[in-house]
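The values are calculated or read from the model by the stated rules, or taken from the named source; none is laboratory data. Please read these numbers as outputs of a predicted model, since none were measured by experiment. When we count neighbours, we look across all protein chains shown, and the Cβ atoms used for this are built from the backbone with ideal geometry, even at glycine.
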Amino acid sequence: MTAVDATLLAGPTASGKSELVLALAARVPIEIVSVDSSQVYRGFDIGAAKPDRAIRARVPHHLIDIRDPQQNYSAGEFVADALAAIKDIRSRNRMPVLVGGTMLYFSALVRGIAPLPTADPQTRAQIDARAARLGWPALHAELAAIDLEAAQRIHPNDPQRIQRALEVYAISGRSISDWQRATQPPTAGLSLARYALVPTDRALLQLRIAQRFERMMVAGFLAEVEALRARQDLPRGAASLRAVGYRQLMSYLEGDGSLEEAVQRAVAASRQLAKRQLTWINADPGWQRLEPFDRHALAHWVDEMVFVCGASLCGTLGVVDCHLPGERPRGNPG
């Protein structure tokens, strides 16, 4: 089994990523690096499905609670922080496992961030004017005509990313996908094991999304958003507050509809998020797919990863279970 420097585990919301990686943590010495654009923010706990303090005391976590909600956090910052975490974890002879659903962060890590042309206000204004006349889905169709690869990754109702892709092409004459393909991956030189939870039963995933949001509400999600709203120093336009769930409950607290309607909108937005996450995954053949609702398959993956981690860490940690199931341990003697 080839040794690896880090393991990546991606998947849509509510697919069971955290439960799976904690099952692995019970078997081998790993540390978890969060790949989640909401978990970086302090005070974003219930709605971000942040692991509680007991779990974090048992299994070290990184890139959680590292920003105040009024601050921005970019994909470039994530890459720098994740690489530093990987180096730190490996220096202590443990296995970094990067887990989450922010696919932009994963893409930036394994593909790099292209040095795109600087934003041009005039070009953006022209794009916005066309969008006002025609609608963003029409501009998404324009994008598909010039850059099908990008259009397949970007949802027709994602104006920010549609605008940027069209802007890059208008300024440079090159598609944003061309720029990205020419970029050197920041993880070049590292051996990565990449896995993604991809459910075949999408109806079950949608049910799990609704059930999870219901549990969040019972756990006090609305009170969490109320506390954020009460902060005088947190602008309503802060990037952190655009997160799914937070945005819908904040709108409710501002007087937009009933709580029931806000919950329905949040569940619908969560399902759309899951669809976009799966689109990112399916567009990248580098992910090895796992069926998240097949207990036998997941148990086999954990067994396999015990051996992968053993192959990567044996000789440095005698506590690692360095054998395949059914084999005699091959760790350090005595």
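In the list THR123, THR102, which residue meets the criterion of being more than 20 Å from ALA193 (Cα to Cα) and among the β-branched types (Val, Ile, Thr)?
On inspection, the qualifying residue turns out to be THR123.
All but one of (1) assigned to a helix (DSSP H, G or I); (2) buried (at least 19 other Cβ atoms within 10 Å of the Cβ) hold for PRO292, so report the exception by its number.
Among (1) assigned to a helix (DSSP H, G or I); (2) buried (at least 19 other Cβ atoms within 10 Å of the Cβ), PRO292 violates only (1).
Yes/no per residue for (1) touching a Ser or Thr at 6+ places or on another chain (Cβ under 7 Å); (2) over 20 Å from ALA193 (Cα atoms); (3) in a loop (DSSP other than H, G, I, E, B):
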| position | (1), (2), (3) |
| --- | --- |
| ILE55 | no, yes, no |
| ASP65 | no, yes, yes |
| LEU83 | no, no, no |
| ILE89 | no, no, no |
| ASN93 | yes, no, yes |
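I'm checking my understanding of the structure. Among residues of segment 139-155 that are more than 20 Å from the chain's Cα centre (by Cα) and not acidic (Asp, Glu), which one is surrounded by the most Cβ atoms within 10 Å (Cβ to Cβ)?
In this case the residue turns out to be LEU143.
Conditions (1) in contact (Cβ under 8 Å) with a residue 60 or more places away in the chain; (2) under 24 Å from ARG181 (Cα atoms), marked per residue:
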site: ARG94; (1), (2): yes, no
site: LEU104; (1), (2): yes, yes
site: LEU116; (1), (2): yes, yes
site: THR123; (1), (2): no, yes
site: LEU134; (1), (2): no, no
site: LEU139; (1), (2): no, yes
site: ALA144; (1), (2): no, yes
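Which one of ARG215, ARG208 is assigned to a helix (DSSP H, G or I), in the same structural domain as ALA10 (by TED's automatic domain parsing) and loosely packed, with under 13 Cβ neighbours inside 10 Å?
Answer to the selection: ARG215.
How many of the residues making up segment 178-205 are in a helix (DSSP H, G or I) and closer than 22 Å to ALA80 by Cα?
Adding up the residues that qualify gives 3.
Out of all the residues in segment 100-118, is one or more among the aromatic types (Phe, Trp, Tyr) and not assigned by TED's automatic domain parsing to the domain that holds LEU24?
No: segment 100-118 contains no residue that is among the aromatic types (Phe, Trp, Tyr) and not assigned by TED's automatic domain parsing to the domain that holds LEU24.
Does segment 158-172 hold any residues that are of a type in the set (S, T, N, Q), touching a residue at least 24 places away in the same chain (Cβ under 8 Å) and under 11 Å from TRP136 (Cα atoms), and which are they?
Scanning segment 158-172 gives a single hit, GLN163.
Hey, could you check segment 36-55 for residues that are of a type in the set (Gly, Ala, Ser) and in contact with a strand residue (DSSP E or B) (Cβ under 9 Å, 6 or more places away or on another chain) and say which is surrounded by the fewest Cβ atoms within 10 Å (Cβ to Cβ)?
My answer is SER37.
Scan segment 18-35 residue by residue and report those that are of a type outside the set (A, V, I, L, M) and surrounded by fewer than 24 Cβ atoms within 10 Å (Cβ to Cβ).
Result: SER18, GLU19, ARG27, PRO29, GLU31.
Being closer than 30 Å to ALA230 by Cα and either more than 14 Å from the chain's Cα centre (by Cα) or assigned to a helix (DSSP H, G or I) (or both) narrows it down to one of GLN70, GLN39, so name that one.
Of the residues listed, the single one that is closer than 30 Å to ALA230 by Cα and either more than 14 Å from the chain's Cα centre (by Cα) or assigned to a helix (DSSP H, G or I) (or both) is GLN70.
Take the residues in segment 230-278 that are closer than 21 Å to LYS50 by Cα and of a type in the set (Ser, Thr, Tyr), then tell me which one is surrounded by the fewest Cβ atoms within 10 Å (Cβ to Cβ).
SER270
Going by the conditions given, is LEU98 touching a residue at least 40 places away in the same chain (Cβ under 8 Å), in contact with a Ser or Thr (Cβ under 9 Å, 6 or more places away or on another chain), surrounded by 14 or more Cβ atoms within 10 Å (Cβ to Cβ) and within 19 Å of THR183 (Cβ to Cβ)?
no
I'd like to know if segment 160-167 contains one or more residues that are polar (S, T, N, Q), assigned to a loop (DSSP other than H, G, I, E, B) and surrounded by 18 or more Cβ atoms within 10 Å (Cβ to Cβ).
No, every residue in segment 160-167 fails to be polar (S, T, N, Q), assigned to a loop (DSSP other than H, G, I, E, B) and surrounded by 18 or more Cβ atoms within 10 Å (Cβ to Cβ).
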